[in-house]
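Notes follow the structure.
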Amino acid sequence: MRTLSVDLGDRSYPIYIGASLVCNADIYRRHIPSRQVMVVSNETVAPLYGDAVDRALAGFQVRHVVLPDGEAYKTLEILNRIFDALLTERFDRRCTLLALGGGVIGDMTGFAAACYQRGVGFVQVPTTLLAQVDSSVGGKTGVNHPLGKNMIGAFHQPLCVIADTDTLATLPDRELSAGIAEVIKYGLIDDPGFFDWLESNMNRLLGRDPEALAYAIERSCDDKAAVVAADERETGRRALLNFGHTFGHAIETGVGYGQWLHGEAVGAGMCMAADLSRRLGWLTEAEHRRIVALLERARLPTAPPPGIGPDRFLELMAVDKKVQDGRLRLVLLNGIGESVVTDGFDPALLRATLQAAS
């Protein structure tokens, strides 16, 4: 087992990475402060790992909420089922919520924990690669709105993150690739050595080599933890973690939540951001080709689906958390491993990127 730390003073917490951690009773007992535990999962993951978690939580007062599976259900309406269960079971403000699932479950459980009785503790047990390397770390929680992704939420840090690499064995290939998109993102924004490693080891990741997966998870979490520790509430540097996401969120909203996986939309979004960076002269042709080639090798889309034209893209991108004073800001590249948040781009070049992708 490898252990990292997200350094946030008195709200610091560990990230545990390794095999057979879902059933590690010692970790749960170390971080859960009282007897009441509400396990929140979905219809896909609960049958796979729910019993193992229950056995590890022997002695706790454990109750369950099982939600429908998919981004389409990341809504306030479905979120209310968690509150219904907490209130029906008379859980108090010392209770702990445990998120067992992918990014949707983690985001919704964390948001419920942030709101219930004005804030209770929660534990992240991510079971997808995307959740293990990204959404479970950093305290961003929330739900979607029909007009914009993740626009309703709160910052609420977990008590710990338990990333069990064994759970990736049951992950469909498409979900694995979606998680690799976020892994590639870390190399692009500030870790060029990691990008080089990914070019050399992509086949091992796709083949689910345990050592390669553990290394990629650890390095991704280490990169993210450093950014979160420096800028917890995204007032500056943390926005770099959204590389490809402004384009990607527009794709997800434009085609309908759940039609594309989040990582798939981010993969196409990173290609679009790289294309704009190239048009600005900030990224070389060779670097642009390397980025597209690696995403293709990861079996990710490198262009958005047809039907979202430039005008619709711009309309959707205007509903983005990085918009300030009506000005769209994007995360762009000055090279592989060097990123910047900026509104200093020619709108005509942005339109050219959107047109080329349409």
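Just so it is clear, none of the values below were taken in a lab; they were calculated from the coordinates. What you see is a predicted model; the values in this text were computed from it and never measured. All Cβ positions, even for glycine, are placed from backbone atoms using ideal geometry, and neighbour counts span all protein chains on display.
A few remarks follow.
- 17 Å reach of a label modelled at residue 356, 7 Å along Cα-to-Cβ, counting backbone N of the range 229-251: 244, 247-248
- Across the range 17-125, the mean sequence separation of Cα contacts (distance under 8 Å, 6 or more residues apart), normalised by length, yields a relative contact order of 31 percent.
- Annotation: extensible slack from residue 255 through residue 29 equals 77.1 nm (criterion: 0.36 nm per residue apart, minus Cα-Cα distance).
- Cα-based Kirkwood hydrodynamic radius, the range 93-190, one decimal, Å: 13.8 Å
- Relative contact order (%) - criterion: Cα under 8 Å, at least six apart; region: the chain: 15 percent
- The range 63-93 and the range 160-211: distance between their alpha carbon centers, rounded to Å: 30 Å
- Long-range Cα-Cα pairs in the chain (distance over 31 Å), rounded percent: 30 percent
- Each residue, residue 197 and residue 7, gets one label point 7 Å from its Cα in the Cβ direction; the gap between the two is 1.9 nm.
- DSSP-loop trypsin sites (Lys or Arg not before Pro) across the range 66-171, with at most 11 other Cβ within 10 angstrom: 90
- Taking the chain as a Gaussian network of alpha-carbon nodes connected by springs under 10 Å, the highest mean-square fluctuation of the residues 123, 183, 319 belongs to 319.
- Considering only 134, 190, 92, the mean-square fluctuation computed in a Gaussian network model of the chain, springs between alpha carbons under 10 angstrom, is largest for 92.
- Against the chain, whose longest principal axis is taken from its Cα atoms, helix 192-206 shows a tilt of about 70°.
- Taking label positions 7 Å along the Cα-Cβ direction at both residue 43 and residue 293, the computed distance is 4.4 nm, reported to one decimal.
- Folded to 0 to 90 degrees: helix 285-297 orientation relative to the chain principal axis, Cα: 40 degrees
- Average silhouette area of the range 2-170, convex hull of alpha-carbon atoms, in square nanometres: 8.9 nm²
- Gain on full stretching of the segment that runs from residue 76 to residue 346 - 0.36 nm per residue minus C-alpha separation: 93.5 nm
- Label zone (residue 147, point 7 Å along Cα-to-C-beta; backbone nitrogen cut-off 15 Å) within the range 289-316: 315-316.
- In the chain, the longest principal axis of the Cα atoms and the axis of helix 245-255 are about 80 degrees apart.
- The calculated FRET efficiency for residue 338 paired with residue 233, based on their beta-carbon distance and R0 = 30 Å, is about 0.80.
- Applying a DSSP loop filter and a limit of 15 other Cβ atoms within 10 Å to the trypsin sites (Lys or Arg not before Pro) in the range 158-213 leaves 208.
- The range 210-269: trypsin sites (Lys or Arg not before Pro) in DSSP loop, at most 14 other beta carbons within 10 Å: 233
- With eigenvalues of the C-alpha gyration tensor scaled by 5 and rooted, the range 189-357, Å: 25, 19, 16
- Overall shape of the range 204-267 was characterised from the C-alpha gyration tensor. The equivalent ellipsoid obtained from it has semi-axes of 24, 22, 7 Å, in decreasing order.
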